[in-house]
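The values are calculated or read from the model by the stated rules, or taken from the named source; none is laboratory data. The shown structure was predicted, so the numbers you read here are calculated from the model rather than taken from an experiment. For neighbour counting, all protein chains shown are included, and Cβ atoms are generated from backbone atoms with ideal geometry for every residue, glycine included. Note: accessible area is taken over every heavy atom of the protein model, side chains too, but ligands, DNA and RNA are not part of it. Shrake-Rupley method; radii C 1.70, N 1.55, O 1.52, S 1.80 Å.
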Amino acid sequence: MIERLYGNSGAAIKYDLMYCIRGFMGTYSHLFFFYNFTVDLEALSRSLEEKTNLLAKHTTIPFISEELAELCKIAIPEELTKEKMIKSINQKIMELEESIEKESLVLLKEHLIKPVYSPAIVKGLLENIRNHPQCKWLSYLFSQYFGT
């Protein structure tokens, strides 16, 4: 789609644009899902179009190469299943000492097995592990799994 919209002028920055667009979508969807803002899809689409056009026209230093984009595809599991998540959580629980992060992982694992917590509680548990150096990747996987 980026190539179709911006032609050859967008070729050098297409991966950067793709990640920026994904970032915009993630950020705005976070507002809608966690803060229950009403969505004016028309205004949102115009705003995203404007931001993307500005980036496409004024970006001169691309960061993400095609090779880096391909490596990212390999690093991120294509099929993130509940079983894979539980296995990753179990490994991390064994590595961590008693802490808020470890307890949060135990509760998140229970929620994966039998969803009982409200989105607010899940968000809080994810926030507990988000900045822990040993849990950053797991936090990212949870975000992918829960679609946040």
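Scanning region 1-43 for residues that are loosely packed, with under 13 Cβ neighbours inside 10 Å and among the charged types (D, E, K, R), which turns out farthest from Thr60 (Cα to Cα)? Among residues in region 1-43 that are loosely packed, with under 13 Cβ neighbours inside 10 Å and among the charged types (D, E, K, R), the one farthest from Thr60 (Cα to Cα) is Asp40. Within region 44-62, track down each residue that is of a type outside the set (Ser, Thr, Tyr), open to solvent by 50 Å² or more (accessible area, probe 1.4 Å) and assigned to a helix (DSSP H, G or I). Result: Arg46, Glu49, Glu50, Lys51, Leu54, Leu55, Lys57, His58.
Within region 94-130, the only residue that satisfies the criterion of being within 14 Å of the chain's Cα centre (by Cα) and touching a residue at least 24 places away in the same chain (Cβ under 8 Å) is Lys123. Among what's in region 64-88 and is over 18 Å from the mean Cα position of the chain (by Cα) and at pLDDT 85 or above, pick the residue that is surrounded by the most Cβ atoms within 10 Å (Cβ to Cβ). Only one residue fits best here, namely Ile86.
Among the residues of region 2-30, the ones that are within 25 Å of Tyr140 (Cα to Cα) and in a helix (DSSP H, G or I) come to 17 in all.
On the given criteria, is Pro133 within 23 Å of Leu31 (Cα to Cα), within 21 Å of the chain's Cα centre (by Cα) and open to solvent by 40 Å² or more (accessible area, probe 1.4 Å)? Considered against the rule, which asks whether it is within 23 Å of Leu31 (Cα to Cα), within 21 Å of the chain's Cα centre (by Cα) and open to solvent by 40 Å² or more (accessible area, probe 1.4 Å), Pro133 comes out as no.
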